[in-house]
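Accompanying notes for the structure given below.
Just so you know, all these numbers are worked out from the coordinates, no wet-lab data involved. Quick caveat: nothing in here was measured; it's all calculated off a predicted structure. Positions of Cβ are generated from backbone atoms using ideal geometry, with glycine treated the same way; all protein chains shown enter the neighbour counts.
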Amino acid sequence: MKYIITFLWSFLLVTMVNYVAGSIAGIASFDFMGGVIASIVLAVVILGITAVIPDEQVADY
């Protein structure tokens, strides 16, 4: 489930940034597939980072 939610949020946020940045830059067309590819890459990066970070509690010294 975390994979689906991670992809969904990355898709929504990347698509929003893609649209806003294109509007600010004055680009006439909206590139949907570019946003999909970027959101897949972002989701993989986020899931990779969460796999590397340990879940263990830090010991107090």
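Backbone phi angles across the range 50-57, fed through the Karplus curve with coefficients 6.51, -1.76 and 1.60 (θ = phi - 60°), yield HN-Hα couplings of 5, 6, 7, 6, x, 9, 6, 7 Hz in residue order; Gly and Pro are listed as x. With each label modelled as a point 7 angstrom along the Cα→C-beta vector, the Ile37-Val58 pair spans 4.0 nm. Relative to the longest principal axis of the Cα atoms of the chain, the long axis of helix 2-25 makes an angle of roughly 40 degrees.
Which label marks the calculated value of Cα extents along the principal axes in Å, given the options [x] 44, 32, 14; [y] 58, 25, 13; [z] 30, 19, 15? Recomputing Cα extents along the principal axes in Å here picks out [y]. Contact order for the chain, expressed relative to its length and based on alpha carbon pairs under 8 Å spaced 6+ residues apart, stands at 40 percent.
Look at Tyr61, Tyr19, Tyr3 and count the other Cβ atoms within 10 Å of each Cβ; fewest to most, that gives Tyr61, Tyr3, Tyr19.
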